[in-house]
1. With the crude spin-label approximation of a point 7 Å out along Cα→Cβ, what separation in nm comes out for residue 266 versus residue 207?
2. Sum up the charges of everything whose Cβ sits under 13 Å from the Cβ of residue 40, counting Lys and Arg as +1 and Asp and Glu as -1, but leave residue 40 out.
3. With only alpha-carbon atoms counted, please give the Rg and Dmax of segment 127-218, in Å.
4. Dipole size in debye (nearest 20) for segment 9-225 around its Cα centre, Lys and Arg Cβ +1, Asp and Glu Cβ -1?
5. Arranged by the count of other C-beta atoms within 10 angstrom, fewest first, what order do 117, 9 take?
6. All other residues with a Cβ under 15 Å from the Cβ of residue 111 taken together, and with Lys, Arg as +1 and Asp, Glu as -1, what is their net charge?
7. Tally Lys and Arg at +1 and Asp and Glu at -1 over the other residues with C-beta under 9 Å from the C-beta of residue 50: what net charge comes out?
8. Quick check on the exposure proxy: order 87, 115 from fewest to most C-beta atoms within 10 angstrom.
Amino acid sequence: MEHVTEGSWESLPMRLHPRVLGALRELGFPYMTPVQSATIPLFMKNKDVAAEAVTGSGKTLAFVIPVLEILLRREEKLKKHQVGALIITPTRELAIQIDEVLAHFTKPFPQFSQILWIGGRNPGEDVERFKEQGGNIIVATPGRLEDMFRRKAEGLDLASCVRSLDVLVLDEADRLLDMGFEASINTILEFLPKQRRTGLFSATQTQEVESLVRAGLRNPVRISVKEKGVAASSTQKTPSRLKNYYMVCKADEKFNQLVHFLRNHKQEKHLIFFSTCACVEYYGKALESLVKGVKIMCIHGKMKHKRNKIFMEFRKLQRWVSCRGGHPRLGLFSWPGILFSALCSPGPLSSS
Ligand SMILES: Nc1ncnc2c1ncn2[C@@H]1O[C@H](COP(=O)(O)OP(=O)(O)OP(=O)(O)O)[C@@H](O)[C@H]1O
Ligand SMILES: [Mg+2]
């Protein structure tokens, strides 16, 4: 990756645990990205951080590594049901991705258990799993997490379990708010100890994010990493290595052009965004009959259990088309193997 210009992990002012360095070597990442080199030392030095950096700039490791290092430096070892870190992210798909990255880093530390709490699964099973396996690090979406605080009758006293919390991470803070999770986050914050480190990560710094910073962080250090060569005043929110293309066509030719494009790019993996769940279903069916020899998968917010399964399948496969409803920026950049994504409605068809 070409965004790795900010020195090696060994050049950080504090040493990372040799097994963390080992996990980075396994990933083939010898250098930090700018947001990582700016955030990790501050977060590890017990500062609250509010980091703004474009999508795809490596924010996940900018919090996964400090989370682990902070837990490793604890004086008292965490017991099975003591939650040391909580990572909140707006969508199930993002939570799954973070959980996978985290699992790579916790593998060499069997003393830490991690657990994923997302919608679309049976909450009762989530409770049982936590009771059996514990969860020192929780990765969760806000709705499910809030729900888990209300399950005392089932034997889960989460409010007590989080008393040992060292670190809270709010990932994609701007989207958390756009998606209407402000009330859930505030409820969750009420349960958490004030003596904790908080990291807030976001691709854009909006007024609403600013209020969340004020509500959840204490004397935060603000980090803003802009793309190289982009003026500080610029509003560019996409990584400079992302190539954007577009095609101008009449509105009624849009779908035909999409079909034509997909027929000519059957070897690649695609994501197509539509504005509503119904459009996803409708155009998904249409594409199935018009573009032969590729698997078309539909995913949108009105799907309950199926959505997690489809997402996992899509990630594994080499060259499928996925039709999605919703916002294209949400973690799209880090979906492995995506070469083209297209916005199909409303407005002009574009592909990037
Ligand atoms: N130090 C590094 N060296 C090389 N690649 C890296 C490094 N850190 C992260 N990456 C890779 O960069 C990609 C983007 O990382 P990540 O998902 O953390 O970005 P992000 O800033 O969270 O983006 P988004 O806003 O879309 O969630 C991933 O594929 C990740 O594996
Ligand atoms: Mg991210």
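Here, each number is a calculation from the coordinates, and none is a lab measurement. Note that the coordinates shown come from a computational prediction; the quantities given were computed from them, not determined experimentally. A quick note on method: Cβ atoms are made from the backbone with ideal geometry, for glycine too, and the neighbour counts reach across all protein chains shown.
1. So the two model labels end up 5.2 nm from each other.
2. Here the charged neighbours net out to +2.
3. When restricted to Cα atoms, segment 127-218 yields Rg and Dmax of 13.6, 41 Å.
4. Result for segment 9-225 is approximately 780 debye, rounded to the nearest 20.
5. Neighbour counts put them in this order, fewest first: 9, 117.
6. Combined, the nearby Lys, Arg, Asp and Glu give +3.
7. -2
8. Ordered by Cβ neighbours within 10 Å, fewest first: 115, 87.
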